[in-house]
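Take a look at the structure set out below.
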């Protein structure tokens, strides 16, 4: 709770200065799959309240990086820190409980539950220390409805989640991570499969959420990232290629060569 | 469509409970209309329905399938039988304690089996574990002639077996109602939502911070306890237990009862058990050797044409329950298990 208040008092992004302790940090993070270096010696710091974009071509290691941070993969070497405390190799469950929530690229909502129940499921975890003390009714409904209105799904709260359109399911997924109350949200390709109008809406949504939280967003769509992120990290072949503002990245010839050139061609 | 008429959803949500009351009342009234022989049969089938209820929660709500629920039925039955015959000093006043012990032991055993399996990340092979447990218990009991009565079984003393007449049956129905209520409350509670979430997408639930291993194991333990309760009551009702109570064929049948009755509901398993067992009884008299074929066909027809089971087809499911639960849970259970 105190950490939330602290995050709220900072507005906008704070560039990482020496002495500033980042809310999320990786040091020398590496993951090998046999001979392949999926992520290689990545040093990555995100400040509190920032919206960080992570881009790179397919296979650059973006999702692997997320997997390493959230405990789905154990690093071959390197360390991960959250608010200065080491979380390297923790299980996904433990990482989630610390306060890092992840929105997955492939939507995984609960299709046989109602939209409201989906969010309630995500929210009620906050209320209960242990997973088993879930027999007492908990008053998270208000929180859930607030979250649903934030992601513009309140009208659909009674519908089955399985009946939502793809774009709506993406928003519901976003709602799920919001409802966890996590301070740091990792959004894995939030606009995947969305139409152009939906993307614009998503950009607005992401910006509105960032006021109280720290976001790390991976994306293929550079235009989207340009709109939402203040700082962008570029990954290529598992290594950190460049980092900086959108303009700086766009001008960087190395980035152009490996990524933007291909992206422009694909966008037409 | 449900949203068209305000208040209709609320009415339909109540409908499930009303259906439960109707079924319960019907079962309570049956002993008055059936003859004595059929009443005894009903009693036996009602003890089976405890197993089905548990399976209904574990499989229908949480997505954890078990083809060995009768293993826990047997644990409950044998606990009561052993305590009463091997340990001196028990009297009628101890019966609730005995039954409770059987229930708790079965539940603990189920919880342990599940926890160890899920902890070791057995995933979808858990169903094999459930089959094995039943077989192992059966073999073990047969082998232990002195300790557990072996293949001869154990006969319970006269005083514990209730006499003819509806008295015990009414108690049985009462206990069944209480069990039903407890499970119903569990399913309604936040815990129930997590169970359903696990059924749909276990990985997602875990990424939200839940200990899905613990929750699945607890649910399974609950279903095992229900089965054990049925077994304990069965031991008293029939006055005799033998290794066949661990019967894994019956465990297969339990799945049929649940699916035909209505997977994903609580009333369904109850209804399914009573109906299928009575149907089986009459079919075996009529079709002689081919009755197993008929039951198998019934199962196939049910899955193909009435995937929501009897209850699901009769009553409109609530919005946040199931639309296509059987197919969903079976498919998702296979996809999402790690």
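Values for this structure:
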{"quantity": "Complete set of residues in region A:70-80 that are under 16 Å from the mean Cα position of the chain (by Cα) and touching a residue at least 24 places away in the same chain (Cβ under 8 Å)", "calculated": "A:70, A:71, A:80"}
{"quantity": "Matching option when the condition is in contact (Cβ under 8 Å) with a residue 40 or more places away in the chain and surrounded by fewer than 17 Cβ atoms within 10 Å (Cβ to Cβ), among B:60, B:74, B:123, B:134", "calculated": "B:123"}
{"quantity": "Selected residue (criterion: farthest from the chain's Cα centre (by Cα)) from residues of region B:108-123 that are assigned to a helix (DSSP H, G or I) and under 16 Å from residue B:206 (Cα atoms)", "calculated": "B:119"}
{"quantity": "Selection count, region B:146-197, where residues are in a loop (DSSP other than H, G, I, E, B), out of contact with any strand residue (DSSP E or B) (no Cβ under 7 Å at 6 or more places or on another chain) and either surrounded by 12 or more Cβ atoms within 10 Å (Cβ to Cβ) or within 14 Å of another protein chain (Cβ to nearest Cβ) (or both)", "calculated": "5"}
{"quantity": "Tally of residues being surrounded by 11 or more Cβ atoms within 10 Å (Cβ to Cβ) and part of a helix (DSSP H, G or I) across region B:301-312", "calculated": "7"}
{"quantity": "Test: residue in region A:104-120 that is surrounded by 22 or more Cβ atoms within 10 Å (Cβ to Cβ) and within 22 Å of residue A:48 (Cβ to Cβ)", "calculated": "no"}
{"quantity": "Single residue of region B:217-265 satisfying the filter (buried (at least 24 other Cβ atoms within 10 Å of the Cβ) and outside any helix (DSSP H, G or I)) that is farthest from the chain's Cα centre (by Cα)", "calculated": "B:241"}
{"quantity": "Candidate set from region B:84-99 (those that are in contact (Cβ under 8 Å) with a residue 40 or more places away in the chain and part of a helix (DSSP H, G or I)); member that is farthest from residue B:74 (Cα to Cα)", "calculated": "B:92"}
{"quantity": "Residue match in region B:200-207 (condition: closer than 26 Å to residue B:76 by Cα and within 14 Å of chain A (Cβ to nearest Cβ))", "calculated": "no"}
{"quantity": "Selected residue (criterion: nearest to residue A:167 (Cα to Cα)) from residues of region A:104-125 that are more than 8 Å from every other protein chain (Cβ to nearest Cβ) and modelled with pLDDT under 90", "calculated": "A:107"}
{"quantity": "Residue list for region B:43-75, restricted to those being more than 13 Å from residue B:230 (Cα to Cα) and assigned to a helix (DSSP H, G or I)", "calculated": "B:56, B:57, B:58, B:59, B:60, B:61"}
{"quantity": "Residues of region A:140-177 classified as within 12 Å of chain B (Cβ to nearest Cβ), under 19 Å from residue A:101 (Cβ atoms) and in contact with a strand residue (DSSP E or B) (Cβ under 9 Å, 6 or more places away or on another chain), total", "calculated": "4"}
{"quantity": "Total residues in region A:58-72, condition more than 13 Å from chain B (Cβ to nearest Cβ) and crowded, with 19+ Cβ neighbours inside 10 Å", "calculated": "7"}
{"quantity": "Qualifying residues in region B:280-300 (those that are in contact (Cβ under 8 Å) with a residue 12 or more places away in the chain and buried (at least 16 other Cβ atoms within 10 Å of the Cβ)) - the one nearest to residue B:192 (Cα to Cα)", "calculated": "B:299"}
{"quantity": "Residues (under 9 Å from residue B:231 (Cβ atoms) and over 14 Å from the mean Cα position of the chain (by Cα)) located in region B:76-107", "calculated": "B:77, B:78, B:79, B:80, B:102"}
{"quantity": "Subset of region A:150-172 [in a loop (DSSP other than H, G, I, E, B) and without any contact (Cβ under 8 Å) to a residue 12 or more places away in the chain]", "calculated": "A:165"}
{"quantity": "Complete set of residues in region A:93-103 that are part of a helix (DSSP H, G or I), under 14 Å from the mean Cα position of the chain (by Cα) and facing another protein chain (nearest Cβ under 7 Å)", "calculated": "A:96"}
{"quantity": "Residue in region B:211-231 that is within 14 Å of another protein chain (Cβ to nearest Cβ) and free of Cβ contacts under 8 Å to residues at least 12 places away in the same chain present", "calculated": "yes"}
{"quantity": "Residue match in region A:193-209 (condition: part of a helix (DSSP H, G or I), in contact (Cβ under 8 Å) with a residue 12 or more places away in the chain and within 14 Å of chain B (Cβ to nearest Cβ))", "calculated": "no"}
{"quantity": "Conditions (1) at pLDDT 90 or above; (2) more than 18 Å from residue A:232 (Cβ to Cβ); (3) buried (at least 19 other Cβ atoms within 10 Å of the Cβ); (4) away from every other protein chain (no Cβ under 14 Å); number of the one not met by residue A:76", "calculated": "(3)"}
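The values are calculated or read from the model by the stated rules, or taken from the named source; none is laboratory data. Being a predicted model, the structure only gives us computed values, none of them experimental. All Cβ positions, even for glycine, are placed from backbone atoms using ideal geometry, and neighbour counts span all protein chains on display.
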